[in-house]
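Presented below is the structure to which this report refers.
Nothing in this text is a laboratory measurement; each read-out follows from the coordinates by a stated rule. In this text, all values refer to a predicted model and were calculated from it rather than measured experimentally. Reconstructed Cβ throughout: ideal geometry from the backbone, glycine too, with neighbour counts over all protein chains shown.
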């Protein structure tokens, strides 16, 4: 049996409590390789952290969460988790002056659903999202919403550093198929841009997300390139396609 750290025990106990499996104290102590006294101390610490642990009287010494307790029992899909992580990063970037004290705790809980490798990729998300000036009237007039399937694939590729295969239509209506590395996202409200390394051009490009017609996150990974690689133009942004 492996040795669990206290943090690992607390996470294990909290997950157990949130599941439908009954948590019997002696079973928990045996599985985690600690004494009943240690389990009681861990449960008390969970209570102090806001988890409303209730003791069930009777045989076995079980514990449970109140049936009416909802916070912490939310179930999110992978895509919903990605949406929340990106939303947190946008909020921190756009409203850094506000004291959003719970953002770190929320992010850690969301990250727990990903592998350690993916967690390392996601950690720098805030620095990869940039907020710019409002788009010009001409740009807004040509703006359309990004298809849901495209948005889902783009978010997956951006967050997890995966090469994105896209069909792209430029401002003249010319359609190309290409593989890109979405390193950064830029919002010039209301238009989103993906700042990419374009395999077709062999150079950095800023692509309007609403002009991506089809997209698929591939299994190929890319290493994040620093912002300086994208050689900002005079307006402070890498080369944009017409």
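The table below gives the values:
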read-out	value
FRET efficiency, 1/(1 + (r/R0)^6) with R0 30 Å, evaluated for residue 48 and residue 224 via beta carbons	0.20
Pairwise label distance in nanometres, residue 201 with residue 12, each label 7 Å out on the Cα-Cβ vector	5.2 nm
Residues of the stretch 111-131 with amide N under 11 Å of a point placed 7 Å along Cα→Cβ from residue 160	114-115, 118-119
